[in-house]
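Novice: The structure is given below, and queries will be raised subsequently.
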């Protein structure tokens, strides 16, 4: 997150430390996070975005499992009919 958003999120109680579920309640900790973000921005030459993990929806996971089962069934049918 860009460093200018850190204090905004802190005041709205939306700032979390690290990747955990611990909400930042200490102003000094929020300032330390802001300075760290500024340092990262300077290293990367401006504002940068963190890499986001792609979240799969339950529907996507369901469809993937369903497709894999279909192909397994087709392969097993071909296995038994290939010898004839």
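Novice: Any chance the range 12-29 includes a residue that's in a helix (DSSP H, G or I), at pLDDT 75 or above and surrounded by 11 or more Cβ atoms within 10 Å (Cβ to Cβ)?
Specialist: The answer is yes; a qualifying residue exists.
Novice: Moving on to the next point. Determine if the range 38-48 includes at least one residue that is modelled with pLDDT under 85, assigned to a loop (DSSP other than H, G, I, E, B) and within 19 Å of the chain's Cα centre (by Cα).
Specialist: Taking every residue of the range 38-48 in turn, at least one turns out to be modelled with pLDDT under 85, assigned to a loop (DSSP other than H, G, I, E, B) and within 19 Å of the chain's Cα centre (by Cα).
The values are calculated or read from the model by the stated rules, or taken from the named source; none is laboratory data. Just so you know, these numbers come straight off a predicted model, no measurement behind them. When we count neighbours, we look across all protein chains shown, and the Cβ atoms used for this are built from the backbone with ideal geometry, even at glycine.
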